[in-house]
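A.B. asks: This structure is in structure tokens; I'll ask about it shortly.
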Amino acid sequence: MAKMRLKPLKRLTNPTIGNKIISDTKKTEILGKRNGNLEAKENLRGSGILLSISSLPSPYGIGTLGREAYNFVDLLGDLKQKYWQVLPVGPTIFGDSPYQPSSGCAGNIYFIDLDKLVDEGLLEKEEILGYNWGTDESEIDYAALHQNRCKILQKAFERFDTNAQDFQNFVKKQSEWLEQYALFMALKTDNLYKNWSEWPSKYRNPQTVALEKYQKKNYNTITFWKFCQYKFFEQWEDLKNYANSKGVYIIGDISFYVGYDSVDVWAERQLFMMSANDTPEYVAAAGPDKYSESGQVWGNPMYDWDAMKEDNFSWWRKRMRVCRELFDIVRIDHFAGIVKAYAVPYGQDKSLSGKWFKGPGRRLVNAINEELEGVNVVADDYTSASLLPGVKKLLAKSGWMGTKVMMFAFDGDPTNEYLPHNYTDSHVVAYIGTHDNETIVGSFSDKTDYELAYMYEYLNIENKSQVPNALIRELYHSTAELAIVQMQDILELGNEARMNYPSTVGHNWRWRMTSKPHRLDNEKIAWIRNIAVVYRR
């Protein structure tokens, strides 16, 4: 099948700065060039909130692209925030982690808003309420979603007109990844969601004659999975356009790796370090660091960079074209992996038994810049001290924004690079903490005043109750172009709201906002709005 270059989704003709609409001509005056990427000189500086789509309130077990997402955009506008950073939006597999996607391009069908399907006449409200979506509105029940989400979407598909022109256009436009993804998911459901390496041999290879027969016999099932992606992309485009119209821009996070049990590894395993028996030779890992004292074994198959170089990084280019449609700014996780990546032999559960593999370096960066020209890129450039010089050198050449995390700043060393007064470049995104950190309240709750003495002095405060707001103010006050705060920290929640405990599996990525307790009061709203104005955010 001939590959097609993706066309970007419709973008607003007149982008906004705050509440003002600017013309394309004015936008050109405001924006400048930086190593192939657009660098906003006036409208890039701002603040925003980090909140996963999954964490939005919803009566159906997980956050969606529905009413509460639009309400959150309205809240961002009310708080004078310009950015909404989301976690990766791809379909999840192992450990429910968004950083273990089963596709580098597809969207998570759990995020499809069911109420919108009711409005379109594809579902009845009573049908949705007939399923179990979990019993705790503050925590995602992934088992319930896995059991029931496809069932309700299947009902919607049965009432959908697959001859609709918009659907046909979508299938054609996204064919370079959608055809393989839909076939993969049809096979996966028929094989009881087993890893593709456990399928019958006639289906493990995507070029077999048996698969051609399977496609003809299971046309309807394959089309269902295309329908699910159509609805995800349709609802995402609507939400993104609404956000942009309100002066809010979406920062999309993408995983550096994909999962072993993914369509990408199944269909293009020549691009990964795979053994003859269809298992990875090495899987991604990390040595001991500030996130985990014992290191981490992530389990993602390692890339075969030589093979990727031979076809000019076509797989990465394909991913970036999708990112260009979905996001206003793209954050690339684990940027250090482009320089050098750590991995352990498949089957090992200890990170200390690994080795280092050289990454593709500037050649991949250039390929990404070519596909994302005009889109700002954020590099998650946190790394070990031994890799730091090479990572910083490549970051400088890339033109991408670096990352600062204030949770790493207060060790008592006034030269710590994460302290705002030590920022040497404003072209960075500053966080208090990310999805891998404790919340502010959780991090400092068991610390003594003696341990926090340097922080108290630095922030000019006297006790722990003042820490959350003082850190937010310090972040906004910094020279960093973007200042991003987790919603959990704005709400001053403890570690019960933490998204991820690195190196653990089974209880992560589950936190959700609830409808009533997690509403900001007027005093907090006024305070955030005020400091956003004071510090030109």
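The values are calculated or read from the model by the stated rules, or taken from the named source; none is laboratory data. Being a predicted model, the structure only gives us computed values, none of them experimental. Glycine also receives a Cβ, built like all others from the backbone with ideal geometry; neighbour counts cover every protein chain displayed. Remember, those area values only see protein heavy atoms, side chains included, never the ligands or the DNA or RNA. Shrake-Rupley method; radii C 1.70, N 1.55, O 1.52, S 1.80 Å.
A.B. asks: Please go through segment 347-364 and give me each residue that is more than 21 Å from Glu325 (Cβ to Cβ) and touching a helix residue (DSSP H, G or I) at 6+ places or on another chain (Cβ under 9 Å), ordered by number. So that I can check it myself, show each step before the final result.
C.D. replies: Going through segment 347-364, the residues more than 21 Å from Glu325 (Cβ to Cβ) turn out to be 347-363.
Of everything in segment 347-364, those that are more than 21 Å from Glu325 (Cβ to Cβ) and touching a helix residue (DSSP H, G or I) at 6+ places or on another chain (Cβ under 9 Å) turn out to be Phe357, Lys358, Gly359, Pro360, Gly361, Arg362, Arg363.
A.B. asks: Also: Which condition number does Gly399 fail, the rest of (1) under 25 Å from Val86 (Cα atoms); (2) free of Cβ contacts under 8 Å to residues at least 60 places away in the same chain being met?
C.D. replies: Gly399 satisfies all of (1) under 25 Å from Val86 (Cα atoms); (2) free of Cβ contacts under 8 Å to residues at least 60 places away in the same chain except (2).
A.B. asks: Shifting gears a bit: Specify the residue that is farthest from Asn508 (Cα to Cα); the eligible residues are those in segment 135-163 that are open to solvent by less than 30 Å² (accessible area, probe 1.4 Å) and among the small types (Gly, Ala, Ser).
C.D. replies: By that ranking, first place goes to Ala156.
A.B. asks: What is the one condition in (1) within 20 Å of Ala307 (Cβ to Cβ); (2) surrounded by fewer than 22 Cβ atoms within 10 Å (Cβ to Cβ) that Asp264 does not satisfy?
C.D. replies: All conditions are met except number (2).
A.B. asks: What number of residues in segment 280-310 are open to solvent by 30 Å² or more (accessible area, probe 1.4 Å), modelled with pLDDT of 95 or more and farther than 14 Å from Ala343 by Cα?
C.D. replies: Going through segment 280-310 one residue at a time, the tally reaches 3.
A.B. asks: Considering only segment 466-515, state which residues are free of Cβ contacts under 8 Å to residues at least 24 places away in the same chain and β-branched (Val, Ile, Thr).
C.D. replies: Listed by number, the list holds a single entry, Thr504.
A.B. asks: Leu471 is checked against (1) in contact with a helix residue (DSSP H, G or I) (Cβ under 8 Å, 6 or more places away or on another chain); (2) over 26 Å from Ala379 (Cβ atoms) and fails just one. What number does that condition carry?
C.D. replies: (2)
A.B. asks: Search segment 434-447 for residues that are part of a helix (DSSP H, G or I) and pair each with any residue that is of a type outside the set (A, V, I, L, M) and surrounded by fewer than 18 Cβ atoms within 10 Å (Cβ to Cβ) when their beta-carbon atoms are under 7 Å apart and the residues are at least 6 apart or on different chains.
C.D. replies: Listed pairs, sorted by first residue: Val441/Glu492; Val441/Gly494; Gly442/Gly494; Gly442/Asn495; Phe444/Lys464.
A.B. asks: Looking only at segment 260-278, filter to residues that are outside any helix (DSSP H, G or I) and out of contact with any strand residue (DSSP E or B) (no Cβ under 7 Å at 6 or more places or on another chain); which one of those is farthest from Ser197 (Cα to Cα)? Even if it seems obvious, please write down each step before you answer.
C.D. replies: Residues of segment 260-278 outside any helix (DSSP H, G or I): 260-262, 268, 272-278.
Now restrict to residues that are out of contact with any strand residue (DSSP E or B) (no Cβ under 7 Å at 6 or more places or on another chain): 261, 268, 275-278.
On the way: Asp261: 8, Glu268: 13, Ser275: 12, Ala276: 11, Asn277: 8, Asp278: 6 Å.
Looking at residues that are outside any helix (DSSP H, G or I) and out of contact with any strand residue (DSSP E or B) (no Cβ under 7 Å at 6 or more places or on another chain), I get Glu268.
A.B. asks: State all residues of segment 416-464 that are within 23 Å of Leu50 (Cβ to Cβ), among the polar types (S, T, N, Q) and open to solvent by 30 Å² or more (accessible area, probe 1.4 Å); if no residue qualifies, say none.
C.D. replies: Passing the criteria: Asn422, Ser426, Ser445.
A.B. asks: Of the numbered conditions (1) assigned to a loop (DSSP other than H, G, I, E, B); (2) at pLDDT 95 or above; (3) farther than 29 Å from Val534 by Cβ, Lys7 fails exactly one; give the number of that condition.
C.D. replies: With (1) assigned to a loop (DSSP other than H, G, I, E, B); (2) at pLDDT 95 or above; (3) farther than 29 Å from Val534 by Cβ applied to Lys7, the lone miss is (2).
A.B. asks: Return a yes/no flag: does segment 340-355 have any residue that is open to solvent by less than 30 Å² (accessible area, probe 1.4 Å) and closer than 30 Å to Trp84 by Cα.
C.D. replies: Yes, because at least one residue in segment 340-355 is open to solvent by less than 30 Å² (accessible area, probe 1.4 Å) and closer than 30 Å to Trp84 by Cα.
A.B. asks: While we're here: Would you mind telling me which numbered condition in (1) of a type outside the set (A, V, I, L, M, F, W, C); (2) in a helix (DSSP H, G or I); (3) open to solvent by less than 30 Å² (accessible area, probe 1.4 Å) Lys216 fails?
C.D. replies: Of everything listed in (1) of a type outside the set (A, V, I, L, M, F, W, C); (2) in a helix (DSSP H, G or I); (3) open to solvent by less than 30 Å² (accessible area, probe 1.4 Å), Lys216 misses just condition (3).
A.B. asks: If you check Thr415 against the conditions, is it without any contact (Cβ under 8 Å) to a residue 40 or more places away in the chain and either on the phi > 0 side of the Ramachandran plot or out of contact with any helix residue (DSSP H, G or I) (no Cβ under 8 Å at 6 or more places or on another chain) (or both)?
C.D. replies: Judged against the criteria, Thr415 is not a match.
A.B. asks: Anything in segment 186-203 that is open to solvent by 20 Å² or more (accessible area, probe 1.4 Å) and part of a helix (DSSP H, G or I)? List them, or say none. I'd like the intermediate steps shown before the answer.
C.D. replies: Taking segment 186-203 first, the residues open to solvent by 20 Å² or more (accessible area, probe 1.4 Å) are 189-195, 197-198, 200-203.
Hits for segment 186-203 are Thr189, Asp190, Ser197, Glu198, Ser201, Lys202, Tyr203.
A.B. asks: Let me ask something additional. Among the numbered criteria (1) free of Cβ contacts under 8 Å to residues at least 60 places away in the same chain; (2) of a type in the set (A, V, I, L, M, F, W, C); (3) open to solvent by less than 40 Å² (accessible area, probe 1.4 Å), which one does Phe233 miss?
C.D. replies: The number of the failed condition is (1).
A.B. asks: For segment 94-128: of the residues being outside any helix (DSSP H, G or I) and open to solvent by 40 Å² or more (accessible area, probe 1.4 Å), which is nearest to Met320 (Cα to Cα)? Outline the logic, then answer.
C.D. replies: The first filter runs over segment 94-128 and keeps only residues outside any helix (DSSP H, G or I), leaving 97-108, 112-113, 120-124.
If we keep only those that are open to solvent by 40 Å² or more (accessible area, probe 1.4 Å) too, we end up with 120-121, 124.
Numbers: Glu120: 31, Gly121: 34, Glu124: 37 Å.
Per the criteria, the residue is Glu120.
A.B. asks: So which of Ala106, Ala144, Ala156 is in contact (Cβ under 8 Å) with a residue 24 or more places away in the chain and under 30 Å from Leu482 (Cα atoms)? Working first, answer last.
C.D. replies: Numbers: Ala144 fails: under 30 Å from Leu482 (Cα atoms); Ala156 fails: under 30 Å from Leu482 (Cα atoms).
Exactly one residue qualifies, and that residue is Ala106.
A.B. asks: For segment 363-391, give me each residue that is under 13 Å from His334 (Cα atoms), among the charged types (D, E, K, R) and open to solvent by 10 Å² or more (accessible area, probe 1.4 Å).
C.D. replies: Scanning segment 363-391 gives a single hit, Asp380.
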